[in-house]
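The values are calculated or read from the model by the stated rules, or taken from the named source; none is laboratory data. Every value quoted in this text rests on a predicted model; they were computed, and no experiment measured them. When we count neighbours, we look across all protein chains shown, and the Cβ atoms used for this are built from the backbone with ideal geometry, even at glycine. The protein model used for the area step is the full one, side chains on, heavy atoms only, and it has no ligands, DNA or RNA in it. Shrake-Rupley method; radii C 1.70, N 1.55, O 1.52, S 1.80 Å.
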Amino acid sequence: MKLAEDKSTVITGAASGIGRATAKVFAEHGANVVVADVDVDGGNETVEAIEDDGGTATFVETNVADQDDVQNMIDTAVEEYGGLDVLYNNAGIDGPHTEIAEYDVDGFDQVVDVNLKGVFLGMKYGISAMLEDGGGSIVSTSSIGGVNAVEGYSGYGATKAGVSLMTKTAAVEYADQGIRANAVAPGLVNTQMVQNIIEEEPEMEEEFLAYEPMDGFSDPREIANAVLFLTSDLASRVTGVTLPVEGGFLASNS
Ligand SMILES: NC(=O)c1ccc[n+]([C@@H]2O[C@H](COP(=O)([O-])OP(=O)(O)OC[C@H]3O[C@@H](n4cnc5c(N)ncnc54)[C@H](O)[C@@H]3O)[C@@H](O)[C@H]2O)c1
């Protein structure tokens, strides 16, 4: 069963990791995908991989913290694919990894700009486009770090908690206008973001691997499948939730 047939779908941070995996999964399920990212080479590689598999996608260079870029990203979906059915606000950065007293202020601004303002801008322009055409479905990437405190990740965690709250607000504001808004909260996913942290701080690998009761890290496609479910008609009555996709971490740590 195809769960995204002909859906005009925008995915941010789709040059890598969870975003790329989600772009591929949506294309496999029949979606027309706008791949948005600051990384031009990675974005084009995602599009090539989708086209090689017979899917439809286009790349739009986008800094999610830039208002004009985000408007352009949404306009591209409307012009190329006839509207906007699905928006996945996924682009994110981890920011500094230090306790609050040592936390770099510019680094804090940057993580807020990308992870929180980026989601706000996506919703602002995405919702406007969805309202023109009878509604749609939004998912944003939160994190277990937005539910529980992780030492050294105050800025990151605050943005991810903000993503969940903004998701609830969007859900309530547009519930009677055909728009659902949900979030996913991954645990530890095997992507470049996690590999970079492990390269810088090798002792973190063992700590990260111990987070989730299930073995190993999540595969990016496991997050992608949850996003697909939330945007599909299978989740037609689900709105305002942050769905944990984290191998049981929150069952033992909340
Ligand atoms: N990997 C994990 O364990 C994990 C856990 C919880 C949440 N997350 C979240 O998942 C999302 C995806 O992360 P990932 O693990 O796939 O990492 P990743 O680094 O592989 O991918 C992130 C992508 O976002 C893009 N990006 C960064 N800044 C951007 C900007 N300003 N505008 C547009 N694109 C930008 C990057 O170029 C990259 O392609 C992030 O929001 C991250 O916080 C990841």
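Values for this structure:
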quantity: Any chance GLY152 is open to solvent by 10 Å² or more (accessible area, probe 1.4 Å) and within 23 Å of PHE26 (Cβ to Cβ); calculated: no
quantity: Those residues of segment 120-143 which are among the small types (Gly, Ala, Ser), within 12 Å of the ligand (Cβ to nearest atom) and either outside any helix (DSSP H, G or I) or open to solvent by 10 Å² or more (accessible area, probe 1.4 Å) (or both), in sequence order; calculated: SER140, SER142, SER143
quantity: Among the residues listed as THR56, THR46, the single one being surrounded by 24 or more Cβ atoms within 10 Å (Cβ to Cβ) and in contact (Cβ under 8 Å) with a residue 24 or more places away in the chain; calculated: THR46
quantity: Tally of residues being within 15 Å of GLY92 (Cα to Cα), among the aliphatic types (A, V, I, L, M) and open to solvent by 40 Å² or more (accessible area, probe 1.4 Å) across segment 29-40; calculated: 1
quantity: Which numbered condition GLY216 misses (of (1) assigned to a loop (DSSP other than H, G, I, E, B); (2) without any contact (Cβ under 8 Å) to a residue 40 or more places away in the chain; (3) on the phi < 0 side of the Ramachandran plot); calculated: (3)
quantity: In segment 240-254, the residues that are of a type in the set (A, V, I, L, M) and not in a loop (DSSP other than H, G, I, E, B); calculated: LEU243, VAL245, LEU250, ALA251
quantity: Residue match in segment 146-154 (condition: within 15 Å of the chain's Cα centre (by Cα) and either of a type outside the set (Val, Ile, Thr) or within 11 Å of the ligand (Cβ to nearest atom) (or both)); calculated: yes
quantity: Hits in segment 163-193 (condition: within 16 Å of the ligand (Cβ to nearest atom) and surrounded by fewer than 19 Cβ atoms within 10 Å (Cβ to Cβ)); calculated: LEU165, ASN190, GLN192, MET193
quantity: Among the candidates ARG221, ARG237, residue that is surrounded by fewer than 20 Cβ atoms within 10 Å (Cβ to Cβ) and either part of a loop (DSSP other than H, G, I, E, B) or touching a Cys at 6+ places or on another chain (Cβ under 9 Å) (or both); calculated: ARG237
quantity: Residue in segment 12-28 that is nearest to the ligand (Cβ to nearest atom), counting only those that are assigned to a helix (DSSP H, G or I) and open to solvent by less than 20 Å² (accessible area, probe 1.4 Å); calculated: GLY19
